[in-house]
Every structure is written in structure tokens, then in C-alpha cells.
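The values are calculated or read from the model by the stated rules, or taken from the named source; none is laboratory data. Quantities reported herein were computed from a predicted structural model and do not represent experimental measurements. Methodologically, a virtual Cβ is constructed for each residue, glycine included, from the backbone with ideal geometry; neighbour enumeration extends over all protein chains shown. Remember, those area values only see protein heavy atoms, side chains included, never the ligands or the DNA or RNA. Shrake-Rupley method; radii C 1.70, N 1.55, O 1.52, S 1.80 Å.
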Amino acid sequence: MSITGIDAVTFGVSDLAEAKRFLDDWGTTPVSATTYQTRDGGQLIVRDQNDPALPPAIEPGNTVREVIWGAADAESLAALLDRLQGLNPRIGPDGIPRVTDPNGLSIGFRVTQRTDLAIAPTPSNGPGVANRINQRSPVYDQARPAKIGHLVVFANDFAAMRQFYTERLGFTVSDEYPGHGVFLRCKTRGEHHNLFILNRPGRPGVNHVAFTVADIHEVIGGGIAMSRKGWKTEIGPGRHPISSAYFWYFHNPLGAPVEYYADDDYCTEAWQPQEFVRKPELFAEWAIAGGIDGTTRRQIVATDTSGRGHA
Ligand SMILES: [Fe+2]
């Protein structure tokens, strides 16, 4: 399909300085007064939540105000815009065509400005198999997110959102909690999900924004660094059985939690989507509730208050 991934996310926040301090610590790179980048050039734009230039918020408080999806090239972008006929995309001064998705979120489309980034994870050794020879595994003192991997939203009208992203935008279903949640990938051959839609009638919103890192060592080292800098864990580290990814979620001044994750499933046309019934062990095979203290390297709390136990 023509969409390659998330090119940019714009946040409307109440405290710009605090939001930027978080993004500095998170390991993204400032490129202007309001824009940070992941290693592949994915953009995080922070603006005052009352900035009149921002699209409307889909929920109160700090939150995502817009997502720009990237297309592979001009031809793909044109094909994509053909699929939006009848929705009357509006074109701003930046030339980006935008529509509003069924959840009320502004989404735009452009030829991707991200680079194709290939970062090899640390090889693992197994019994009788040596993939890492005369080389120690790394200990990261800071994560540097490779890209904006996925967005998770609460849908006011779940069926309409599922239909819009699969039929209009051509996303592929990777796995599903029927009627409750659907994991979608924008490329048939690609990472397990770039968008996860959760059903929550009457309260649309953002559940989290996730950043891809190289491997589990960068999840752990990055999370410990955030903890050492005083940022609070929502839940993690842990591992999702659906998508297989290692994760660590943090509270932040951008809005909903943000996530470091690594080693998610890569799917092709041969991937078999599954339907699951919600249960806590499908959100996390294992997880540490309140994170790991950055100084003592011990678990901070033993009680899960994240509310994520139900996937
Ligand atoms: Fe996630």
C-alpha cells in the first residue's frame, strides 16, 4: 500500500518548556524551536494547546492534535488522495492535504520525509548457535528512538474507524479483539501495527504514541535513563505477546503515555491475523508495574496502577 508510516505527530500542550525537556530526555533531536526528530527524520511538533493554528483536540488537555502519514513517492500520494475522493481534503499553506478521520483527528498526507533506516539489533547467542562472537552485548545509557512506530487511539465509533483505515486508507488487519480493538499495519509487508484502534464510545482520545528502538537493551537502558531523570513509568519494562514487542511506557507532558518498544513482529501477506478475547495476559506476558529505579536498578513499586491490565 502507499502509506509507509507515521511521518509527523503534532502535540498541543499546556507547558511547552516541559514538553521539550521531556523530548530532550527521550532521546529525540531538536531541529527547531518547536520540532524534534527521530533518527529517521520522523517529526514531533509541540505547540501551545491554545495555538489557533492547531486542529481541534479530540479530548481535553495535552494530546495529539494531528498525524501526518507518509507516502512512498508522489505517485503513491496521488493514488492515496484518489481514495479520499468525496472527503474534500483541505490543503493548508504547507501544501499538505488533510482530512478529519471519523474520530475527529486531523490527518494529513505527504511524500515521506523520513529516511529508510536500518539498525541491526544486537545479535543473540543460543545453544550451539553463535551469532555474537568476541563481542559484548551493549548497555545503553540513553535511547535514541529510530522512528515513530505506532499510534493507539480510543475510538468513539469503532466500526467507522476500522472501516475508514482499512477501506479508505488501505491498512491491513494484523490481529483483532473483535468489536473491541484492531491492530492495523499500513504496509502489507511491515511491522505488526502502526495504528491500534480501541473501542471507547463517548470518550475519543489517544492511548499512547510509540517509538521504535533497536532492541531490548535499548528499551531497558533508555527506560532506566528516563527513570534516573525523574520521569515516571506508567508500566514497564515488559513484553506484549501480541506483536511480541518488548515495551516500557512513560507518563509525560505531551499527553497520553509514550512507549519505547523493540522487536515487534514483521508481517507479510502470509501473516495469519488472529482474533483474541481480551484478558490481561494478552496485554503483557510479563511487566514491571512501576518501572525500575534509575539509581538503585530495583523495582520501584509492586502495584500496577496503569489500568493496562485488560489489554
Ligand atoms: Fe504500543
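Principal-axis analysis of the Cα atoms of the chain puts helix 216-228 at an angle of about 90° to the longest axis.
Peptides 279-292, 36-49, 81-94, ordered by how many other C-beta atoms sit within 10 Å of their residues on average, highest first, read 36-49, 279-292, 81-94. Seen through its C-alpha gyration tensor, with square-root eigenvalues sorted a ≥ b ≥ c, region 122-257 comes out oblate because a/c lies at 1.5 or above while a/b is not bigger than b/c. What the phi angles of region 93-99 give under the Karplus curve with 6.51, -1.76 and 1.60, with θ = phi - 60°, is a coupling list of x, 7, x, 8, x, 10, 10 Hz, glycine and proline written as x. Computed with a 1.4 Å probe over protein heavy atoms only, the accessible area of Ser306 comes to about 20 Å². Kirkwood hydrodynamic radius of the chain from all distinct Cα pairs, in Å? That comes to 19.9 Å for the chain. When a/c is below 1.5 the answer is rounded, else prolate if a/b is larger than b/c, else oblate, so apply that to region 1-123 with a ≥ b ≥ c taken from the square roots of the Cα gyration tensor eigenvalues. Because a/c hits 1.5 or more and a/b fails to exceed b/c, region 1-123 counts as oblate. With every protein chain left in place and a probe of 1.4 Å, what is the accessible surface of Thr305, to the nearest 10 Å²? Its heavy atoms expose roughly 120 Å² to the probe. With the whole protein complex present, His251 retains an accessible surface near 90 Å², based on a 1.4 Å probe. Summarising the strand pairing of region 57-134, around 50 percent of its internal DSSP beta bridges are antiparallel. Between the amide H of Val206 and those of Phe154, distances stay under 5 Å, these residues lying 5 or more places away or on another chain, with hydrogens modeled in the peptide plane.
Compute the helix-to-body angle for 16-26: its Cα long axis versus the longest principal axis of the chain, expressed 0 to 90° and rounded to tens. Once rounded, one gets 50 degrees. Net charge dipole, the chain: roughly 380 debye, given to the nearest 20, about the Cα centre with Cβ charges of +1 for Lys and Arg and -1 for Asp and Glu. Of the residues Asn252, Ile242, Gly294, the one whose Cα sits farthest toward the positive end of the charge dipole of the chain, with +1 on the Cβ of Lys and Arg and -1 on the Cβ of Asp and Glu, is Gly294.
For the chain, lysine pairs separated by 8 or more sequence positions, or belonging to different chains, with Cα-Cα distances below 21 Å total 4.
Across the protein chains, with a 1.4 Å probe defining accessible surface, the residues Asp51, Asp116, Asp101 rank Asp116, Asp51, Asp101 from largest area downward.
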